[in-house]
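Undergrad: Take this structure first; my questions come after.
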Amino acid sequence: MGDKKKQKLNPNQQRYQDFQQKRETKRPIFKNCIKAFLIGGLICFIGQLISTFYIYQFNFTEKTAGNPTTATLIFITMLLTGFGVYDRIAQFSGAGSAVPVTGFGNAVISSAIEYRSEGFILGVGSNMLKLAGPVIVYGVFSAFVVAIIKTILTQWGGF
């Protein structure tokens, strides 16, 4: 029930709820947070290494190295997901692997793999875009709103 209003329970419901709370396994929240922090940080560290590689090997600037770095991370995630490795990483780290862009890549390719038996168009394409579509739409819409706000503030002499 948590912070919600407590409902009146009949005695059987209350007894069952007490029984359930006694049997519920306690989650190691602190340990899970540490694992998520470490794996998420490792993913970001790998991203920084890739970015540095693009900067020094291909003469990108720090600003222009971001897009190929993101694409490379997503490509690596797709390969690891295809071989079943990323799922084990996600099982271990939880949100640490879901929050970075690699989590998005994993979710997209996982749905593509899951529905491949239904064909490329109706299976892979349509189900893969069920997740990617809303994320892209909201991302583009958010960028549009922020650009309009910045333009208005710039016109008023802000930035």
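Just so you know, all these numbers are worked out from the coordinates, no wet-lab data involved. This is a predicted model, so every value here is computed, not measured. Because the Cβ atoms are built from the backbone with ideal geometry, glycine has one as well, and the counts that use them run over all protein chains shown.
Undergrad: Collect the residues in region 39-68 that are farther than 22 Å from SER93 by Cα and either crowded, with 17+ Cβ neighbours inside 10 Å or in contact with a strand residue (DSSP E or B) (Cβ under 9 Å, 6 or more places away or on another chain) (or both), keeping them in residue-number order.
TA: Step one: of region 39-68, the residues farther than 22 Å from SER93 by Cα are 51-68.
Residues satisfying the conditions are SER51, TYR54, PHE60, ALA65.
Undergrad: Does region 115-157 hold any residues that are surrounded by 10 or more Cβ atoms within 10 Å (Cβ to Cβ), of a type in the set (Gly, Ala, Ser) and more than 19 Å from GLY82 (Cα to Cα), and which are they?
TA: Hits for region 115-157 are GLY133, GLY139, SER142, ALA143, ALA147.
Undergrad: Another question, then. For the condition buried (at least 17 other Cβ atoms within 10 Å of the Cβ), within 17 Å of the chain's Cα centre (by Cα) and among the hydrophobic types (A, V, I, L, M, F, W, C), what is the one hit in ALA112, ALA98, ALA71? Can you show your working first?
TA: Working: ALA98 fails: buried (at least 17 other Cβ atoms within 10 Å of the Cβ); ALA71 fails: buried (at least 17 other Cβ atoms within 10 Å of the Cβ).
The match here is ALA112.
Undergrad: Checking ALA36 against (1) touching a residue at least 24 places away in the same chain (Cβ under 8 Å); (2) over 18 Å from PHE92 (Cα atoms); (3) small (Gly, Ala, Ser), which single condition isn't satisfied?
TA: (2)
Undergrad: Something else about it: Which of the following residues is in contact with a Gly (Cβ under 6 Å, 6 or more places away or on another chain) and over 30 Å from PHE120 (Cβ atoms): ALA36, ALA95, ALA65?
TA: Answer to the check: ALA36.
Undergrad: Continuing with this model, one more query. With respect to ILE89, determine if the residue is closer than 25 Å to ILE39 by Cβ and within 20 Å of the chain's Cα centre (by Cα).
TA: Considered against the rule, which asks whether it is closer than 25 Å to ILE39 by Cβ and within 20 Å of the chain's Cα centre (by Cα), ILE89 comes out as yes.
Undergrad: Kindly list, by first and then second residue, each pair from a residue in region 130-159 that is farther than 28 Å from PHE104 by Cα to a residue that is among the β-branched types (Val, Ile, Thr) and in a loop (DSSP other than H, G, I, E, B), limited to pairs with Cβ atoms under 7 Å and residues at least 6 apart or on different chains.
TA: Cβ pairs passing all conditions: none.
Undergrad: So, one more: Applying the selection to region 111-135, what residues are touching a Leu at 6+ places or on another chain (Cβ under 9 Å) and assigned to a helix (DSSP H, G or I)? Please lay out each step first, then the result.
TA: Taking region 111-135 as the starting set, the residues that turn out to be touching a Leu at 6+ places or on another chain (Cβ under 9 Å) are 111, 115.
Residue satisfying the conditions is SER111 alone.
Undergrad: Okay, moving on. So ILE76 ticks every box in (1) within 30 Å of ILE29 (Cβ to Cβ); (2) in contact with a helix residue (DSSP H, G or I) (Cβ under 6 Å, 6 or more places away or on another chain); (3) β-branched (Val, Ile, Thr) but one. Which box is left unticked?
TA: Just one mismatch for ILE76, condition (2).
Undergrad: Still on this structure: Given the conditions (1) under 19 Å from ASN67 (Cβ atoms); (2) not in a helix (DSSP H, G or I), and given that GLY157 satisfies all but one, which numbered condition is not satisfied?
TA: Exception for GLY157: condition (1).
Undergrad: Counting only residues that are surrounded by fewer than 14 Cβ atoms within 10 Å (Cβ to Cβ) and not hydrophobic (A, V, I, L, M, F, W, C), which one in region 74-86 is farthest from TYR115 (Cα to Cα)?
TA: Looking only at region 74-86, we keep the residues that are surrounded by fewer than 14 Cβ atoms within 10 Å (Cβ to Cβ), and these are 75, 79, 82-85.
Remaining after also requiring not hydrophobic (A, V, I, L, M, F, W, C): 82, 84.
Working: GLY82: 13, GLY84: 16 Å.
Taking the candidates together, the pick is GLY84.
Undergrad: Filter the helices (runs of 4 or more DSSP H) completely within region 29-105 down to those with at least 1 residues that are touching an Asp or Glu at 6+ places or on another chain (Cβ under 8 Å). Before you say what the answer is, go through the steps one by one.
TA: Details: elements: 29-58, 66-82, 85-93, 95-98.
Ranges flagged: 29-58, 66-82.
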